[in-house]
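Trainee: Just dropping this structure here.
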Amino acid sequence: MTLEEFEMQSQLTVARLRDRLPEILTALLAGSAGVAGSYAAAGFTPGFVVAPIEGFLARTMPGVVVTFAIQTLGSLGQQLSLLTAIALAVVAFSSLVGIGIVVGARLDSPWVAALLAGALPWGVTTLLTGDPVVALGAGLPPTLVVAVEGIFRSVRGADDADVSPGRRRVVESAVALLGIGGLATAFGSRQQPSAGQSLDDPSTPTPADEAGSEETDQQPTETPSERERLLAEADEKSLDLPGMDPLVSEKFYNVDINAVDPEVNADEWSLTVTGAVEQEVTVDYQELRSMASEDRFNTLRCVGEKLNGHKMDNALWTGVPIQQFVDRAGPKGSCECVMFRAADDYFEEFPLAALEDGFLAYGMNGDVLPKGHGYPVRALVPGHWGEINVKWITEIEILDKEAEGYWEKRGWHGTGPVNTVAKIHSIQHLDDGRIRVGGHTYAGTRGIELVEVSTDGGETWAEATLSEPLPGDDVWRQWMYTYDPPDGEHEVVARATDGTGTLQPKEEANAFPSGPSGWVSTTIKP
């Protein structure tokens, strides 16, 4: 092909694209309307067409990419994953709508175009989510956009001299998209789960109540005042430090492999102990709630957080011990290890011995466990990194040989006991000229013996004041230290000694692969 022929071919291609631009933009707007309509119908649930796409990305992303996202982007990484999934959904829907428009044009039938523009996204959404009814939210908006565009084109005629037909088509499609987008925002937000109900509220539904039974054998195992007393104790023992959570976190961090949480119905939930066992054991939600419950303070820390990050929190959890179900099953595995599996296909492996103090929680701070924290039931394994405290737990598999968990497959090794840390999260300049610093400190089930503070970059140390310990073996504490500052800028360093007398390591290490460690320091200016 000569240069002249190439230039002519390029000009013809550009001209064709220019002629097709209105259809392309209409398809793009209709595809966007389909994604918006799916959100309007399903909300931020697994029925939203973006959810399975984002879940696929989360499970197939190479470990090096996941590690980069966690260490460099933090929570933004998951948001970018969600945006990527939305973009892919829009491109896929737009392509399907484009097919419908092309077929309709060849048949000279705008109605065929409109029907195909909706039927194809509906079919794909049904395949991805398994819900043909909710999938109508993805199919109706593209049909509406393409149909409205066809109606206006036929009524006004293609030779309207005031506005070009292509521009008119885009404007009409854009108006339809804006309307559908507004409805999606309004209706989609209504699909979001409401705040949890109190565990002691008689109106809180149990599986028997939801099934319409008049009677239930569930009896309250603990008076509300006892749970309230524990929460009040945490409030009383909290140090008054500005800009820092009290001993029961006001906003508990939330990390998932998915941007969209799974929908788990308590009536249909069950937990099964499987694998190398003498007999499988299954417990459902009603049986779990009918058992004698316990309230435990338990702190969780994310293995992927920064050294002085904020992904470490504490709550009062209500539930029952795990070990009783494992003992009932009779574990026989030779590796003395176990795999937790969850409704969102998450899985983590760790030593069987860690379950001795394990806990199945269905309540949090006196309320029914929130959806984002694993409703109806999650696991708590004291002293270990947050990643093995599996949410939406459905299976405990006793393994016959060791296997890698979700994060271990991606190069992480965070299933062991948490690293000791003393964080600096509060700096207060007092009216008398002194400075007060403080933070949280945590060493898992080892507990905290003391926290020391240096105001000269680690040359000299002084003991900080610790909050009174809360009941339990796996609970953080607060610390604070007030001092007369030196002249000018200075460096404050904090370090902790755990209950075994072991000092927090000085050497700083990144979160990957075994969790962050090191002394925390900050520079304070006068």
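The values are calculated or read from the model by the stated rules, or taken from the named source; none is laboratory data. Note that this is a predicted model, so its numbers are computed, not measured. All Cβ positions, glycine included, derive from the backbone under ideal geometry; neighbour counts span all protein chains shown.
Trainee: Determine which single condition Q324 fails, assuming it passes every other condition in (1) more than 28 Å from Y406 (Cβ to Cβ); (2) not in a strand (DSSP E or B).
Mentor: It fails just one condition, (1).
Trainee: In the list T445, T482, T460, which residue meets the criterion of being outside the structural domain of V390 (by TED's automatic domain parsing), assigned to a strand (DSSP E or B) and not aromatic (F, W, Y)?
Mentor: T482
Trainee: Please report, ordered by residue number, the strands (runs of 3 or more DSSP E) entirely within region 196-308 with at least 3 residues that are at pLDDT 95 or above and within 30 Å of E54 (Cβ to Cβ).
Mentor: Numbers: elements: 270-275, 281-284, 294-301.
The qualifying strands (runs of 3 or more DSSP E) are 270-275, 294-301.
Trainee: Give L271, L288, L247, L231 a once-over and let me know the one that is in contact with a Gly (Cβ under 7 Å, 6 or more places away or on another chain), buried (at least 16 other Cβ atoms within 10 Å of the Cβ) and in the same structural domain as D344 (by TED's automatic domain parsing). Walk me through how you get there before you give the answer.
Mentor: On the way: L271 fails: in contact with a Gly (Cβ under 7 Å, 6 or more places away or on another chain); L288 fails: in contact with a Gly (Cβ under 7 Å, 6 or more places away or on another chain); L247 fails: in contact with a Gly (Cβ under 7 Å, 6 or more places away or on another chain).
Going through L271, L288, L247, L231 in turn, just one is in contact with a Gly (Cβ under 7 Å, 6 or more places away or on another chain), buried (at least 16 other Cβ atoms within 10 Å of the Cβ) and in the same structural domain as D344 (by TED's automatic domain parsing): L231.
Trainee: Let me ask something else about it. Need the failing condition index for D267 against (1) more than 22 Å from V381 (Cβ to Cβ); (2) among the charged types (D, E, K, R); (3) free of Cβ contacts under 8 Å to residues at least 60 places away in the same chain, just the number.
Mentor: Unmet for D267, out of (1) more than 22 Å from V381 (Cβ to Cβ); (2) among the charged types (D, E, K, R); (3) free of Cβ contacts under 8 Å to residues at least 60 places away in the same chain: (3).
Trainee: Something else about it: In region 463-479, how many are within 18 Å of T299 (Cβ to Cβ) and in a strand (DSSP E or B)?
Mentor: 4
Trainee: Determine which member of the set V437, V338, V377, V381 is among the hydrophobic types (A, V, I, L, M, F, W, C) and free of Cβ contacts under 8 Å to residues at least 40 places away in the same chain.
Mentor: Numbers: V437 fails: free of Cβ contacts under 8 Å to residues at least 40 places away in the same chain; V338 fails: free of Cβ contacts under 8 Å to residues at least 40 places away in the same chain; V377 fails: free of Cβ contacts under 8 Å to residues at least 40 places away in the same chain.
Unique residue meeting the criteria: V381.
Trainee: Still on this structure, please answer the following. Quick check on region 421-445: of everything there that is over 18 Å from A354 (Cα atoms) and among the β-branched types (V, I, T), which residue is surrounded by the fewest Cβ atoms within 10 Å (Cβ to Cβ)? First the steps, then the outcome.
Mentor: Of the residues in region 421-445, the ones over 18 Å from A354 (Cα atoms) are 421-442.
Add one more test, that the residue is among the β-branched types (V, I, T), and what stays is 421, 424, 427, 435, 437, 441.
On the way: V421: 28, I424: 21, I427: 16, I435: 18, V437: 22, T441: 27.
So, considering only residues that are over 18 Å from A354 (Cα atoms) and among the β-branched types (V, I, T), the one surrounded by the fewest Cβ atoms within 10 Å (Cβ to Cβ) is I427.
Trainee: Which ones in region 37-78 are part of a loop (DSSP other than H, G, I, E, B) and not small (G, A, S)?
Mentor: F44, T45, P46, F48, V49, M61, P62
Trainee: Picking from T523, T497, which residue would you name as being assigned to a strand (DSSP E or B), more than 26 Å from S249 (Cβ to Cβ) and in contact with a strand residue (DSSP E or B) (Cβ under 8 Å, 6 or more places away or on another chain)?
Mentor: Just one listed residue meets the conditions, T523.
Trainee: Here is a further query. Could you pull out the residue among A361, A379 that is more than 25 Å from V66 (Cα to Cα), assigned by TED's automatic domain parsing to the domain that holds N265, of a type in the set (A, V, I, L, M) and assigned to a strand (DSSP E or B)?
Mentor: One residue alone meets the criteria, A361.
Trainee: Determine, yes or no, whether A343 is under 28 Å from the mean Cα position of the chain (by Cα) and surrounded by fewer than 22 Cβ atoms within 10 Å (Cβ to Cβ).
Mentor: yes
Trainee: While we're here: Checking R378 against (1) touching a helix residue (DSSP H, G or I) at 6+ places or on another chain (Cβ under 9 Å); (2) of a type in the set (K, R); (3) buried (at least 20 other Cβ atoms within 10 Å of the Cβ), which single condition isn't satisfied?
Mentor: (1)
Trainee: Considering only residues that are surrounded by 20 or more Cβ atoms within 10 Å (Cβ to Cβ), β-branched (V, I, T) and under 27 Å from the mean Cα position of the chain (by Cα), which ones fall in region 91-131?
Mentor: Within region 91-131, T125, T129 meet the criteria.
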